[in-house]
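The values are calculated or read from the model by the stated rules, or taken from the named source; none is laboratory data. What you see is a predicted model; the values in this text were computed from it and never measured. Glycine gets a Cβ as well: all are built from the backbone with ideal geometry, and neighbour counts include every protein chain shown.
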């Protein structure tokens with residue numbers, strides 16, 4: 001008996017017969033869409049897709065986002081929540097030297113506090129603070145107290161999880177009120193535009209925002225990875241100065257509760273054990289900065305997809321044995337996972353998974369019924385619908401670090417530091433070889449520790465001299481990063497002198513010669529890469545900046561007072577120090593390999 005008896009056999013539909021099972025299956029899948037039958041499966045499959053994407057392709061959260069967590073350690077130190085406004089004032093004061101791009105508080109300041117004027121002053125001085133607008137159970141806004149609202153921007157922190165409890169959507173605007181993430185980015189754009197207009201910043205491309213709907217604008221959040229990958233530091237550590245201010249420089253800082261039980265949030269990576277609500281705003285900000293929020297297909301496109309999937313499946317399964325059909329179904333399931341994963345990675349398109357896979361399986365079932373296979377075979381077909389082919393996406397198109405067995409040469413801007421012992425030849429004549437080696441190693445170990453603690457890389461030891469580089473092996477892409485390298489080099493140099501005083505006390509107590517050093521620091525272009533031959537290779541830097549730093553170190557012998565730290569820098573390095581150090585111009589000096597004399601400065605200490 002034919003499976004479709006209502007179709008007259010005399011009709012010229014023979015070419016369409018292979019498509020009929022797929023079209024029927026697609027029709028059933030489409031009919032189930034408004035009944036939300038697929039919804040729980042779509043939620044579950046989307047969670048799996050995002051976890052696969054994170055595991056296989058290793059996407060990274062935007063490093064411009066930092067979360068300051070009100071965690072268990074902070075609550076243990078400062079007591080029960082809510083806290084006095086003084087705590088947040090202290091936080092803003094601790095963040096001020098770093099000059100973050102923006103500071104957003106996922107905390108409600110809805111009730112007046114005697115310390116509000118002081119906190120308002122700190123917010124005004126920061127110039128980039130955004131405070132949260134909440135909502136009560138009736139949907140009424142919980143606004144910021146007027147004292148703080150006058151000196152800050154505000155953004156809502158509304159969140160409506162999906163029926164399975166997972167937060168997948170972000171309301172960029174509600175009734176013309178932007179979200180916390182949008183308000184943060186808007187504040188940064190406005191501040192940059194103002195700075196460019198005043199000539200304080202060079203003209204440069206600014207971040208962009210999507211056109212926001214005046215009443216409500218919703219986007220689907222792209223959870224690129226677990227929230228563990230978002231840079232997070234403890235509130236109490238920041239206030240106590242235990243966190244390097246460079247962590248916050250030019251970063252978007254979000255302050256929120258992460259202590260267990262206060263502001264739970266479920267994500268595709270934490271569907272059962274919640275993370276904290278502040279990470280929803282971090283994910284939204286990441287998506288805005290990188291324009292990578294998810295783009296689900298419209299309803300009509302889903303219908304077209306289901307019809308195409310059903311038709312392709314039906315044609316593929318036509319005239320095959322049940323074993324061949326089983327392999328084909330597995331292949332199609334894997335292919336669909338691969339397509340969904342590729343579109344997610346390349347275009348942030350959120351492709352339906354459950355309904356198409358259901359269509360594939362429904363098509364296979366109809367084909368099996370049409371061929372009058374046993375029901376048990378159909379059940380086995382359903383039981384075995386897995387996607388092993390998705391493993392083929394492992395380590396796809398990874399960027400190569402090595403080239404022909406060597407590290408790629410890179411042109412970059414770095415700060416080079418040379419430090420040498422004064423009068424080493426005379427001292428080496430006074431000590432036996434064994435004692436001399438031990439004496440030098442103690443010195444090198446102390447100096448190396450100072451360099452590495454400040455982010456420097458010891459390039460090489462040249463007898464008693466040390467060459468160190470700040471700014472490798474990863475090229476610096478912003479002026480702030482180049483400036484920070486120079487600041488780190490000077491900080492390391494000053495610590496060298498401090499540690500050297502302690503070492504000299506120990507050496508003097510042991511009856512051994514004390515040590516005096518000279519330091520030269522220069523910021524400029526270098527070439528970094530593998531240096532050597534086939535038998536031995538070293539990673540090193542070459543270039544004019546290296547020669548200048550070495551010459552500066554030697555100039556300490558010629559430069560008189562004031563030069564308390566025997567630390568000389570060029571104007572190139574001085575321009576990176578942001579007036580944080582006092583210097584003395586010692587004059588123009590000719591440097592080997594340079595046509596014109598260089599202007600040299602002695603560092604006198606911090607302002």
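Some values worked out for this structure:
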read-out	value
Sole residue being surrounded by fewer than 16 Cβ atoms within 10 Å (Cβ to Cβ), touching a helix residue (DSSP H, G or I) at 6+ places or on another chain (Cβ under 7 Å), modelled with pLDDT of 90 or more and in the same structural domain as residue 231 (by TED's automatic domain parsing), chosen from 93, 76, 89	93
Selection within the stretch 110-125 - crowded, with 18+ Cβ neighbours inside 10 Å and under 21 Å from residue 249 (Cβ atoms)	122, 123
Matching residues, the stretch 447-484, being under 15 Å from residue 499 (Cβ atoms), in contact (Cβ under 8 Å) with a residue 24 or more places away in the chain and surrounded by fewer than 18 Cβ atoms within 10 Å (Cβ to Cβ)	449, 453
Qualifying residue in the stretch 553-567 (condition: at pLDDT below 85, farther than 23 Å from residue 423 by Cβ and either part of a strand (DSSP E or B) or assigned by TED's automatic domain parsing to the domain that holds residue 415 (or both))	no
In the stretch 96-116, the residues that are touching a helix residue (DSSP H, G or I) at 6+ places or on another chain (Cβ under 6 Å) and more than 22 Å from residue 193 (Cβ to Cβ)	97, 106, 109, 113, 115, 116
Failed item, numbered, when residue 107 is tested on (1) surrounded by 21 or more Cβ atoms within 10 Å (Cβ to Cβ); (2) within 24 Å of the chain's Cα centre (by Cα)	(1)
Among (1) closer than 23 Å to residue 64 by Cα; (2) in contact with a strand residue (DSSP E or B) (Cβ under 8 Å, 6 or more places away or on another chain) - the single one residue 262 does not satisfy	(1)
Tally, over the stretch 23-73, of residues that are in a loop (DSSP other than H, G, I, E, B) and either at pLDDT 90 or above or at positive phi (or both)	9
Odd one out for residue 161, checked against (1) touching a helix residue (DSSP H, G or I) at 6+ places or on another chain (Cβ under 8 Å); (2) at pLDDT 85 or above	(1)
Residue within the stretch 236-252 that is at pLDDT below 90, in a loop (DSSP other than H, G, I, E, B) and touching a strand residue (DSSP E or B) at 6+ places or on another chain (Cβ under 7 Å) present	no
Exclusive hit being modelled with pLDDT under 95, surrounded by 14 or more Cβ atoms within 10 Å (Cβ to Cβ), assigned to a strand (DSSP E or B) and touching a helix residue (DSSP H, G or I) at 6+ places or on another chain (Cβ under 9 Å), set 255, 219	219
Residue list for the stretch 488-498, restricted to those being in contact with a helix residue (DSSP H, G or I) (Cβ under 6 Å, 6 or more places away or on another chain) and either crowded, with 20+ Cβ neighbours inside 10 Å or not assigned by TED's automatic domain parsing to the domain that holds residue 515 (or both)	492, 496
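Quick grid of which residues meet (1) more than 23 Å from residue 558 (Cβ to Cβ); (2) in contact with a helix residue (DSSP H, G or I) (Cβ under 9 Å, 6 or more places away or on another chain); (3) outside any loop (DSSP other than H, G, I, E, B); (4) in the same structural domain as residue 436 (by TED's automatic domain parsing):
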residue	(1), (2), (3), (4)
483	yes, no, yes, yes
486	yes, yes, yes, yes
500	no, yes, yes, yes
505	yes, no, yes, yes
519	no, yes, yes, yes
529	yes, no, yes, yes
